[in-house]
Amino acid sequence: MSAENDGAEARPASTTDQPSGNVGSETAKSYFDVRLKPQLDWYEARSRTAKRWNVGLVTTQLLTTSSIPVANALVSTSAVSTAFAALAAIATGFLQLGKFHENWVRYRSTVGALQAIKLRYELGLPPFDGDDRHARLIEEAEKAILQEGAQWSAEIAGQAGDKAARTQQPVR
């Protein structure tokens, strides 16, 4: 990931083009243990959780909505099909509120980016092939983590803006 290719706002050269200081292998190992591995574990766990919720709720939607005509055909009362419709509506609501599919995709993307950075570092591939490889590791991993955080912040800000727009009364 380079500042030229990530589409993000330009950053000072000292943070993207020239790694700061002499970061040694011990610092890089500490970074792996204290920051990178826990972040990978967290994003992987959140991804699995979001996937489970998404699959469970979509399955609930499919089963309940497809059961409505069956219930109508087999049961003389509409209570059963009404219950299925209510369950489908609740599952749909939770899907919308939880944004499980979007979170699953975003977390998996971040895991993939961090794993690629880790692998390129371990193999000594660019940009981790020079004397500043340890500093580059930290910078590139932090860039990926910050990018996901920025996406989350933008999403939260967008939701707050949408809510504010909906609550404002039109001027007459």
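Inter-label distance, Ser153 to Leu63: 4.1 nm, where each label sits 7 Å from its Cα along the C-beta direction. Extension gain, Asp33-Thr77: 0.36 nm per intervening residue step, less the Cα-Cα distance, totals 9.8 nm.
Each peptide in 52-65, 69-82 was scored by the mean count of other Cβ atoms within 10 Å over its residues; highest first, the order is 52-65, 69-82. Spatial offset of segment 129-166 relative to segment 24-38 amounts to 20 Å, using the alpha carbon center of each. Once the Cα-Cα distance is subtracted from the 0.36 nm per residue extended length, the Val105 to Ala89 segment shows a gain of 3.4 nm.
Just so you know, all these numbers are worked out from the coordinates, no wet-lab data involved. The shown structure was predicted, so the numbers you read here are calculated from the model rather than taken from an experiment. Quick reminder, even Gly has a Cβ in these numbers, built from the backbone with ideal geometry, and neighbours come from all protein chains shown.
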